[in-house]
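Structure record follows, encoded as structure tokens.
The values are calculated or read from the model by the stated rules, or taken from the named source; none is laboratory data. As the structure is a prediction and not an experimental result, all values here were calculated from the model. The area values use the complete protein model at the heavy-atom level, side chains included, leaving out ligands, DNA and RNA. Shrake-Rupley method; radii C 1.70, N 1.55, O 1.52, S 1.80 Å.
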2 protein chains.
Amino acid sequence: MDSQARLEHVAIAVPDLEAAVQVYSTILGRAVAGREHVESEGVRVAFFELDGPRLELLEPTGPDTPIGRFLERRGPGLHHIALEVPDIEGAIERCRAAGLETVGEAPRTGAGRRKVAFLHPGGTGGVLLELSQRADEP
Amino acid sequence: MDSQARLEHVAIAVPDLEAAVQVYSTILGRAVAGREHVESEGVRVAFFELDGPRLELLEPTGPDTPIGRFLERRGPGLHHIALEVPDIEGAIERCRAAGLETVGEAPRTGAGRRKVAFLHPGGTGGVLLELSQRADEP
């Protein structure tokens, strides 16, 4: 099986989604492609398509959420990148064998029935890295 | 003219390039695609192709370089993202009209005779954003 990863999205934590949508529409020369409210993660998302990968803007729904705590600690900025892999169990196994740690349940089911897992920044050069595998066709 | 941006690369600042290349080869399931030493920026670069955009690892050649100072201040992690635009002068004008500031000379000539410009993180939600336009064919 092909084990090569591709970039799925880059995510930026912002305190004010509408202001950020306006700025990024200007920079990208594109209209926002969609919006999502992920209640389980306490986040509102707006995303832009970038010919393959997406750029996601993440606004917390409150201070006691992962993005709310990130903003409190680091301020707005790049939050994580997501890699799409064809075989997430294989990728997790390969990473763990190399000494990388996962955060939380791995894999778990994310938006759009994707299987997702997060690699701890301690092993990846300070980068929160999401691995993601598309749901099988129904 | 089409003014839409695409993602050109995501760059990560690391203290030890060879260690990071090994980790990212494992995560990505890909071999490193190339290396570059950009003396004018005081940086050694290794990059991976991700089906369109690239992932770049940046190691400073010394502490008194942009990446050296970033590592000292923030530690390793996501450093900037680069967007390829078809008309960089037009993009800079559009961004300035919206109140965004550029850093340094904009545009200037970067690696591979690209025209590049950087948008100040203050206006972009904390993200150092590189705009980049390919060199015209000779």
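Note that segment B:1-79 shows a convex hull volume over its alpha carbon atoms of 116 Å³ per residue.
Here the Debye sum runs over all C-alpha atoms of the protein assembly as shown as equal scatterers in vacuum, and log10 of I(q)/I(0) at q = 0.07, 0.13, 0.16 Å⁻¹ comes out as -0.24, -0.89, -1.39. Ranked from largest, the principal axis spans of the Cα set of segment B:85-138 equal 36, 19, 16 Å.
In the assembled protein chains, residue B:47 presents an accessible area of approximately 30 Å² (probe radius 1.4 Å). Calculated from the alpha-carbon coordinates, chain B shows an Rg and a Dmax of 15.2, 43 Å respectively. Note on segment B:1-42: Rg/Rh from C-alpha atoms, Kirkwood Rh, equals 1.09.
With contacts taken as Cα pairs under 8 Å and at least 6 residues apart, segment B:85-138 reaches a relative contact order of 33 percent. Taking the DSSP beta bridges with both ends in the protein assembly as shown, the antiparallel portion is around 75 percent.
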